[in-house]
1. Arranged from highest to lowest average of other beta-carbon atoms within 10 Å per residue, in what order do the peptides 72-82, 148-158, 90-100, 52-62 appear?
2. Using a 1.4 angstrom probe on the protein heavy atoms only, line up Glu162, Glu131 by accessible area, largest first.
3. So which GluC sites (Glu not before Pro) in region 1-50 pass both tests, a DSSP loop state and at most 16 other Cβ atoms within 10 Å of the Cβ?
4. When DSSP assigns beta bridges and you keep just the ones with both residues in the chain, what percent turn out antiparallel, to the nearest 5?
5. Dimensions of the chain along principal axes (Cα, Å, largest first)?
6. Separation between the Thr138 and Val32 pseudo-spin-labels, each 7 Å from Cα along Cα→Cβ, expressed in nm?
7. Express the accessible area of region 62-178 per residue in Å², computed with a 1.4 Å probe while the remaining protein chains stay in the model.
8. Would you kindly find the accessible area of His68, with a 1.4 Å probe and non-protein molecules such as ligands, DNA and RNA excluded, rounding to the nearest 10 Å²?
Amino acid sequence: MIRNIPHFQEENRINQLGLMPAETYGICLDYVVITCVDIVFLYHDRLLVGKRNTYPRKGWWIIGGRMHAGESPLNAVSRKANQEANIRADPSRFIFINAYSTCFSTRQQEPRQHGLHSVNLTYTLKLTNDEADSLRLTSSEYDEWTWIDLDALRQRLELDNELDQALLAIAQDAVSSV
């Protein structure tokens with residue numbers, strides 16, 4: 001089992017600051033696969049799922065988002081935990097579970113109907129009581145969220161839907177990794 005993804009960066013690597021213009025990014029999404037980090041927050045015998053209100057996944061999913069150029073996977077997952085869930089955790093606590101390839105039919109960027117392809121480096125993080133109490137998902141991205149066990153998640157999902165199948169597979173991998 002891989003505990004973390006090795007990250008190597010030459011000393012003179014120049015990382016761009018900021019995000020590229022939306023129109024340029026939309027064109028890039030037609031031709032490249034992006035890398036994202038996802039986090040399965042675990043608390044006791046449950047995992048956290050959020051109901052996203054933005055594409056590429058409107059519906060139940062786990063927390064995460066894209067990596068920035070030059071950013072290590074651990075720095076990215078730590079940043080996303082803080083940005084999207086108000087969780088500040090030492091990066092060494094995140095445990096890599098697997099990489100998943102997801103092809104979405106719709107994306108947030110124009111042209112939306114072109115969709116996007118991402119490879120998601122997925123981690124778990126077991127939360128303390130204080131962290132679970134302070135967890136808050138950003139309302140700009142999530143309409144609601146819940147702690148759920150695998151059986152209840154399975155009942156909530158439409159298992160003829162590819163992305164719901166993906167979510168269940170990720171959840172099962174996360175729970176079995178602890």
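1. 72-82, 52-62, 90-100, 148-158
2. If we order Glu162, Glu131 from most to least accessible, we get Glu162, Glu131.
3. Sites meeting the loop and neighbour criteria: Glu10, Glu11.
4. Antiparallel bridges make up about 75 percent of those DSSP assigns within the chain.
5. Cα spread of the chain along its principal axes, largest to smallest: 42, 38, 31 Å.
6. 2.0 nm
7. Accessible area per residue, region 62-178: 49 Å².
8. In the full protein context, His68 sits at about 80 Å².
The values are calculated or read from the model by the stated rules, or taken from the named source; none is laboratory data. Quantities reported herein were computed from a predicted structural model and do not represent experimental measurements. Quick reminder, even Gly has a Cβ in these numbers, built from the backbone with ideal geometry, and neighbours come from all protein chains shown. Heads up: the accessible areas ignore ligands, DNA and RNA and are worked out on the full protein's heavy atoms, side chains in. Shrake-Rupley method; radii C 1.70, N 1.55, O 1.52, S 1.80 Å.
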